[in-house]
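**Q** The structure under discussion is supplied below as structure tokens; questions concerning it will follow.
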Amino acid sequence: MNIIDTIAKEQQKTDVTKFKVGDGVRVHTRVREGEKERIQIFAGICIGRKGTGLNQSFTVRRISYGEGVERVFPIHSPRIAKVEVEKVGKARRSKLNYLRNRKGKEATAVRE
């Protein structure tokens, strides 16, 4: 088990941004298109986190053209350049799946 732990430690990021469920976040992802690489931003509300250590991931939800879009990001992925916290939200539960049933502006507001 020591070999697995050392490999996992090497691949973990040390500069991970602290954010909670309910926060409005902007995730900067690296996208490769042929020879070029660019940064694409996915902004939305963090509706859940799961896993521990190297397997940690979080789900971000946003409304795009009236349709809800969710994306799951591994926290320690090399494809993620950085995570910015836009707005600090106050959530009283660990998963915000109830936002999926909401429409319009209600779907982006975390109030309980």
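The values are calculated or read from the model by the stated rules, or taken from the named source; none is laboratory data. Note that the structure is predicted; figures quoted are calculated from it, not measured. We place every Cβ from the backbone using ideal geometry, glycine too, and count neighbours over all the protein chains shown. Each accessible area value is taken on the protein alone, full model and side chains, heavy atoms only, with ligands, DNA and RNA left out. Shrake-Rupley method; radii C 1.70, N 1.55, O 1.52, S 1.80 Å.
**Q** What about Lys87, is it under 25 Å from Asn101 (Cβ atoms), within 14 Å of the chain's Cα centre (by Cα) and open to solvent by 50 Å² or more (accessible area, probe 1.4 Å)?
**A** yes
**Q** List the residue pairs whose Cβ atoms are under 9 Å apart, where the first residue sits in the stretch 63-75 and is in contact (Cβ under 8 Å) with a residue 60 or more places away in the chain, the second is in a strand (DSSP E or B), and the two are 6 or more positions apart or on different chains.
**A** Ile75/Arg49; Ile75/Ser57; Ile75/Phe58; Ile75/Val83
**Q** Can I ask one more? For the condition more than 18 Å from the chain's Cα centre (by Cα) and either charged (D, E, K, R) or at pLDDT below 95 (or both), what is the one hit in Arg38, Arg30, Arg26, Arg49?
**A** Of Arg38, Arg30, Arg26, Arg49, the one residue that is more than 18 Å from the chain's Cα centre (by Cα) and either charged (D, E, K, R) or at pLDDT below 95 (or both) is Arg38.
**Q** Can you name the condition, by its number, that Lys18 falls short on among (1) open to solvent by less than 60 Å² (accessible area, probe 1.4 Å); (2) of a type in the set (D, E, K, R); (3) modelled with pLDDT of 90 or more?
**A** (1)
**Q** What number of residues in the stretch 21-42 are open to solvent by 30 Å² or more (accessible area, probe 1.4 Å) and hydrophobic (A, V, I, L, M, F, W, C)?
**A** Residues flagged as open to solvent by 30 Å² or more (accessible area, probe 1.4 Å) and hydrophobic (A, V, I, L, M, F, W, C) within the stretch 21-42 amount to 3.
Yes or no, residue by residue, for (1) of a type in the set (Val, Ile, Thr); (2) out of contact with any Cys (no Cβ under 7 Å at 6 or more places or on another chain); (3) closer than 20 Å to Val88 by Cβ:
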| residue | (1), (2), (3) |
| --- | --- |
| Ala8 | no, yes, no |
| Thr14 | yes, yes, no |
| Gly44 | no, yes, yes |
| Gly53 | no, yes, no |
| Phe58 | no, no, yes |
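**Q** Sort out which residues of the stretch 76-108 are touching a helix residue (DSSP H, G or I) at 6+ places or on another chain (Cβ under 9 Å) and outside any helix (DSSP H, G or I), and write them in order of number.
**A** Those that are touching a helix residue (DSSP H, G or I) at 6+ places or on another chain (Cβ under 9 Å) and outside any helix (DSSP H, G or I): His76, Pro78, Arg102.
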